[in-house]
């Protein structure tokens, strides 16, 4: 079975953000390279909701544009829908790995989807979770 890769919210924000900031442009290019390299990509319904929230509140995007971005994502990703099992798994990860609750829900979704890597700039880079998943910050090395 091929590896699966969980892409956290921040990667998608950079991917869809229309910004002239050189750092944002570099991050967008890095995400594009990751999307070309990896095909078995997973997100959770939490990621979809977080993207929507950031674009509505912080960037004031119109809902039609947000919907377009999400539909584009859904063409290329598998979505792990949150269930009570994600919540219980997240609670078991909280203290063990010193995660915030919502980060633990992200990790539980990645575990539920049998991912081997979580790409995120928010989680602790190179941390191994349950001997199954490695956290990778795709922006750490330029």
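The values are calculated or read from the model by the stated rules, or taken from the named source; none is laboratory data. Just so it is clear, the structure is predicted and the values come from calculations on it, not from any experiment. Because the Cβ atoms are built from the backbone with ideal geometry, glycine has one as well, and the counts that use them run over all protein chains shown.
Taken over segment 41-68, the criterion of being touching a residue at least 24 places away in the same chain (Cβ under 8 Å), under 21 Å from residue 82 (Cα atoms) and out of contact with any helix residue (DSSP H, G or I) (no Cβ under 8 Å at 6 or more places or on another chain) is satisfied by 45 alone.
The listed residues are 114, 81, and the only one of them that is within 21 Å of residue 40 (Cβ to Cβ), in contact with a strand residue (DSSP E or B) (Cβ under 9 Å, 6 or more places away or on another chain) and touching a residue at least 60 places away in the same chain (Cβ under 8 Å) turns out to be 114. Total residues in segment 12-40 satisfying the condition of being under 20 Å from residue 81 (Cβ atoms) and either at pLDDT below 95 or crowded, with 19+ Cβ neighbours inside 10 Å (or both): the figure is 1. If you scan segment 84-111, which residues turn out to be closer than 12 Å to residue 133 by Cα and out of contact with any strand residue (DSSP E or B) (no Cβ under 7 Å at 6 or more places or on another chain)? 108, the sole residue that qualifies. State whether the residues of segment 33-42 include one that is under 12 Å from the mean Cα position of the chain (by Cα), closer than 19 Å to residue 117 by Cα and in a strand (DSSP E or B). Within segment 33-42, one or more residues are under 12 Å from the mean Cα position of the chain (by Cα), closer than 19 Å to residue 117 by Cα and in a strand (DSSP E or B).
Just to be sure before I move on: is residue 135 over 28 Å from residue 18 (Cα atoms), without any contact (Cβ under 8 Å) to a residue 24 or more places away in the chain, under 16 Å from the mean Cα position of the chain (by Cα) and surrounded by 13 or more Cβ atoms within 10 Å (Cβ to Cβ) in the structure I sent?
No.
Residue count for segment 69-78 under the criterion of being surrounded by 14 or more Cβ atoms within 10 Å (Cβ to Cβ) and free of Cβ contacts under 8 Å to residues at least 60 places away in the same chain: the result is 2.
When you look at residue 60, is it at pLDDT 95 or above and part of a loop (DSSP other than H, G, I, E, B), yes or no? It is true that residue 60 is at pLDDT 95 or above and part of a loop (DSSP other than H, G, I, E, B).
To keep it simple, each residue is scored yes or no on (1) over 17 Å from residue 6 (Cα atoms); (2) outside any helix (DSSP H, G or I); (3) modelled with pLDDT of 95 or more.
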| residue | (1), (2), (3) |
| --- | --- |
| 64 | yes, no, yes |
| 79 | no, yes, yes |
| 91 | yes, no, yes |
| 94 | yes, no, no |
| 108 | no, no, yes |
